[in-house]
Structures are given as structure tokens and as C-alpha cells.
1. Report whether or not residue 151 is surrounded by fewer than 20 Cβ atoms within 10 Å (Cβ to Cβ) and not aliphatic (A, V, I, L, M).
2. Restricting to region 122-136, give me the number of residues that are among the aliphatic types (A, V, I, L, M) and either more than 12 Å from the chain's Cα centre (by Cα) or at pLDDT below 95 (or both).
Amino acid sequence: MRKILGAAGLAALALALSACASSSSSSSAASTATANTPAAAASTPASSAPASAATGTTLGMRTIKGTAVVTNAAGMTLYWFVPDTATSSKCTGSCATYWPPVLGTATAGSGVTGTLGTITRPGGATQATYDGHPLYTYAGDTAPGQAKGNGLNASGGLWWEMTVSGAKPTTGTTANTSGSGSGSGGSGGSTSSSTGGYGY
């Protein structure tokens, strides 16, 4: 039995390594523990997500800095991307390594009152939505209760925590601007800027 499990583990590792070396998307799943760190996200294929997200997740509610935000089943803050529309995600490629999409369908847990839905991502995967916003986690959040991605200007647009009420940030909200523009989450070189519109 151990030989079978060992061989299966080696096969999974080989598959993951070949997917990382490939420029095409892979549907292999990363573990939840490693997918939440920037270093792991950089080596994870763009379409990968925690195994539980591939089949769906139960959304929850958590209060962070006085705001009720939507979380995934592991308690990690969920975000929305300003350039997205209600029917399409604009976060693909390297963007999705730092902002992994919530794949599959979502169900409402305690305190979650918004409208749940799905979109089809480029490449065909299903992504969960909340009040018309495609949902993502952030690789820079390493534990439940963090919202390090809130207000970041990275990967071509602004990122906001998904509030339970669905409320958009008020005009003039301070945003962190990533110095590299690579979607690295604004570590080092962050500055503040005032933002206005929300893309729709």
C-alpha cells in the first residue's frame, strides 16, 4: 500500500512540476497550506486552487477592522478586482498566481447574504461570484482574519475585500500602489494614492 501511495505522490509531483514548466494552464490542485504564501503562489500554475475550491466552497463572514467581509471555508478573506465585469474575469496568467480565483460553485454559510453565482473563466473553469463580482483569495494573506490585499493597486487594477453588504469603497478611499506592477502584492515600494471610479 505504501508503494502505491508513494508512486502516486511522485506522479503528482511530476505532474505539478511539468505544469509549472508549461506555459499552458493545468488543472492540478495545490494544497491550501502552500497556496496561501507568495512564494508558493509564484510556483503554482495560474489555474490552480485549493482542492476544496475546485468542487465548490462554503462562504463565511468575518469582521476585519470593523468591516464584515466574505471569507472562504478556511476563513481567508475574499477579494474582487475592479477591472472584472459581472460576466468575465480580467485576472489571468501571473495575476491569478497572486490572486487565486475561487473555483467552482459557492454556497452561503452563516452571515452571507449576497447573491451567489458563477462565471466561466478564460480556459473554461467555473469561478464563484458574489453580488456580481468574481471572487479571489490573495497569496499575501497567510492566516484567517488578514486582508493585506485590500486597496492594493496591482496586476492592472484595484483590489477590494468583498464585504458582506456588497458595498463598494467610498470615493477617495486610500489605495496601496504596488511599486512593481507585477501583482506581487505591493511588498516594498508601496505608496498611497486616492482613487475614484470602480470600473463599472
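1. In short, no.
2. Looking only at that region, the number is 1.
The values are calculated or read from the model by the stated rules, or taken from the named source; none is laboratory data. Keep in mind it's a predicted model, so treat the numbers as computed, not measured. Cβ atoms come from the backbone with ideal geometry, glycine included; neighbour counts cover every protein chain shown.
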